[in-house]
Every structure is written in structure tokens, then in C-alpha cells.
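I have placed the structure first, in the form of C-alpha cells, so that the comments after it can refer back to it.
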Amino acid sequence: MLRLYPGQGSSGRSGKAISGAQLEAVCKARGIPFETIHTSGHASIADLKRLAASVAPKTLVPIHTFGAERFPELFENVMLHQDGEWWEA
């Protein structure tokens, strides 16, 4: 597990975001492999359901979506949070 704290170039409770390059450097310094992967577009509901079934999370928190309020109808164990809100995981 990697824990980043404010002052280490993290996006800690200070709300200060870090760049991808900074995150990569922190990971590299700790011997953690780092890969940048990108995809265009958003996953379909069917793809999201398949992913959720494969991962079987204790809690599913939708992020980066315009339809978060629909997730409790579609998935189990959904916890909704507002953008920028901090919570314990």
C-alpha cells in the first residue's frame, strides 16, 4: 500500500493536486512499478457491470461520471460522495 501525505507531493487533505510526473517519481522512489494507461470515452453500463462483478468490491464509489445517482439502481454496495469530498476507505 502506498500512502501519500501533504508535503510529499500528494493530493492529501490540503487539496493540493500532484502531477502525473510527481506521482510517477514517488512510486519510482519506492520501487513501485508505474504505467500510464489511457482510454478514450467512457465504459458502457454492461462493461461497468462486468468489471464490478469481476472485482467484487466491498463498496463501489462512482467517480468521473455524470450519472452517479443511477449507480445504486444498477450495482450493489454503492456509496455516493460529492466531488472533492474526503472519506475513509
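The values are calculated or read from the model by the stated rules, or taken from the named source; none is laboratory data. Computed from a prediction, not measured in an experiment: that's the story for all the values here. Cβ sites come from the backbone with ideal geometry, for glycine too, and all protein chains shown count toward neighbours.
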Are any residues in segment 44-77 among the hydrophobic types (A, V, I, L, M, F, W, C) and modelled with pLDDT under 85, and if so, which ones? Phe66
Could you list, in sequence order, the residues of segment 65-89 that are closer than 22 Å to Ala46 by Cβ and of a type outside the set (A, V, I, L, M, F, W, C)? Thr65, Gly67, Glu69, Arg70, Pro72, Glu73, Glu76, Asn77
Being aliphatic (A, V, I, L, M) and under 18 Å from Gln22 (Cα atoms) is the filter here; which residues of segment 34-48 pass it? Ile37
Name the residue that is nearest to the chain's Cα centre (by Cα), counting only residues in segment 46-89 that are surrounded by fewer than 12 Cβ atoms within 10 Å (Cβ to Cβ) and of a type in the set (Val, Ile, Thr). Ile63
Those residues of segment 21-45 which are under 15 Å from Leu74 (Cα atoms) and surrounded by 11 or more Cβ atoms within 10 Å (Cβ to Cβ), in sequence order: Ala43, Ile45
Take the residues in segment 26-46 that are part of a loop (DSSP other than H, G, I, E, B) and among the hydrophobic types (A, V, I, L, M, F, W, C); name whichever of them is nearest to Pro62 (Cα to Cα). Ala43
Restricting the search to segment 10-43, which residues are aliphatic (A, V, I, L, M) and either farther than 26 Å from Ala68 by Cα or modelled with pLDDT of 90 or more (or both)? Ala21, Leu23, Ala25, Val26, Ala29, Ile32
